[in-house]
Amino acid sequence: MNIIILGQGAWGRAIRQVAERLGHQVTFVSHTDKQWPTTKPDYILLALPVQHVRETLEHFPSPGVPVLSLSKGLEISTGQRVSQIITDVWKGTRVAALSGPTFASEIAAGLPATCTIAAQSDDLAKEFQAILHQPSFRTYRSSDLIGVELGGALKNIYAIAGGACHGLKLGQNSLAGLITRCLAEMTRIGVQAGARAETFAGLSGLGDLMLTATSEQSRNFRFGALLAQGLSVEQILPKLNGVCEGLPTTRAAYLNNNIPADSKPIVTQLHGILYEGVPPKDAVKNLLGRAARDE
């Protein structure tokens, strides 16, 4: 198969290796390019920072082939998931999304990993499964495109919270409790958006959350840890060597009026830290000081 990867970051480069192990011809296209290669691809894999997706796609004519989103986040200006941005710009495009616990460095090293490919059409999910599935990169299918994308987007927010918990030295009990409540909040938000609750117990929900909210390999986790140590956002970003998707995704989720305020207390407190100058210790007190309730 002839595959184009739109975006040349670490994640796109790692997926290139996955595809090439199965004998596919892979070509990179940069966000700065203005046209497609002369040879038409069979598929396009999109691996761009979410806030740049719309602007980049508008530079290119609709490719007329299926697109697999590898990007995880929400657009600040619209609150849209990446698949929605793609179909908004490239009308009629068949879109799927890949998500799950997958650090790019480990994928590039050929270490075993599992992920979920979601599409509203099972046939389309099977197509993308066929071009990527292998022993070191096991793929599962889902028809819950909303849930798989939201799990991948929201876990970036909660990974910042996990890093902050680590940076504040609140202990393992606190981290376990935080991750559990993050999963509950993620599930609430997802179900209200039309996703299935069970999706968030899978690879794109719990799996990705456990990975990124506990590991220093995660830029979002490192961001949160440094934030808790007193560094400003402006001081932290240059230290990450890459995009921190949790930062704009927190803003997008907070501003989304379709998500009721009482459904997103962790998002709200994290937004206060990132955008309103609330000290991390005060945000912790705000969360822990809420009234008792049913689990």
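The values are calculated or read from the model by the stated rules, or taken from the named source; none is laboratory data. Because the structure is predicted, anything quoted here is derived from the model rather than measured. Virtual Cβ from ideal backbone geometry, glycine too; neighbours counted across all protein chains shown. Ligands, DNA and RNA are stripped out before the accessible areas are found, and what is left, the full protein with its side chains, is counted by its heavy atoms. Shrake-Rupley method; radii C 1.70, N 1.55, O 1.52, S 1.80 Å.
Considering only the stretch 144-169, state which residues are surrounded by fewer than 22 Cβ atoms within 10 Å (Cβ to Cβ) and without any contact (Cβ under 8 Å) to a residue 60 or more places away in the chain.
The answer is Lys169, and nothing else.
Please go through the stretch 126-143 and pick out each residue that is in a helix (DSSP H, G or I), farther than 29 Å from Leu247 by Cβ and either out of contact with any Lys or Arg (no Cβ under 8 Å at 6 or more places or on another chain) or open to solvent by less than 10 Å² (accessible area, probe 1.4 Å) (or both).
Correct list: Glu127, Ala130, Ile131.
Would you be able to tell me the number of residues in the stretch 170-215 that are open to solvent by less than 40 Å² (accessible area, probe 1.4 Å) and of a type in the set (D, E, K, R)?
Adding up the residues that qualify gives 2.
Among residues belonging to the stretch 70-88 that are more than 17 Å from Ala252 (Cα to Cα) and open to solvent by less than 50 Å² (accessible area, probe 1.4 Å), point out the one that is farthest from the chain's Cα centre (by Cα).
The selected residue is Ile86.
How many residues, within the stretch 171-219, are small (Gly, Ala, Ser) and more than 22 Å from Leu288 (Cβ to Cβ)?
Summing the residues that are small (Gly, Ala, Ser) and more than 22 Å from Leu288 (Cβ to Cβ) in the stretch 171-219 gives 12.
What number of residues within the stretch 30-69 are under 21 Å from the mean Cα position of the chain (by Cα), surrounded by 19 or more Cβ atoms within 10 Å (Cβ to Cβ), farther than 15 Å from Thr87 by Cα and without any contact (Cβ under 8 Å) to a residue 60 or more places away in the chain?
Within the stretch 30-69, residues that are under 21 Å from the mean Cα position of the chain (by Cα), surrounded by 19 or more Cβ atoms within 10 Å (Cβ to Cβ), farther than 15 Å from Thr87 by Cα and without any contact (Cβ under 8 Å) to a residue 60 or more places away in the chain number 2.
Among (1) under 23 Å from Tyr158 (Cα atoms); (2) out of contact with any Ser or Thr (no Cβ under 8 Å at 6 or more places or on another chain), there is one condition Thr32 misses while meeting the rest; what is its number?
Exception for Thr32: condition (1).
Can you confirm whether Gln129 is in contact with a strand residue (DSSP E or B) (Cβ under 7 Å, 6 or more places away or on another chain) and without any contact (Cβ under 8 Å) to a residue 60 or more places away in the chain?
yes
Look at the stretch 222-242 and say how many of its residues are outside any helix (DSSP H, G or I) and either at pLDDT 95 or above or under 24 Å from Leu170 (Cα atoms) (or both).
Residues in the stretch 222-242 being outside any helix (DSSP H, G or I) and either at pLDDT 95 or above or under 24 Å from Leu170 (Cα atoms) (or both): 5 in total.
For the stretch 115-125, which residues satisfy the criterion of being in contact with a strand residue (DSSP E or B) (Cβ under 7 Å, 6 or more places away or on another chain) and open to solvent by 10 Å² or more (accessible area, probe 1.4 Å)?
Thr116, Asp122, listed by residue number.
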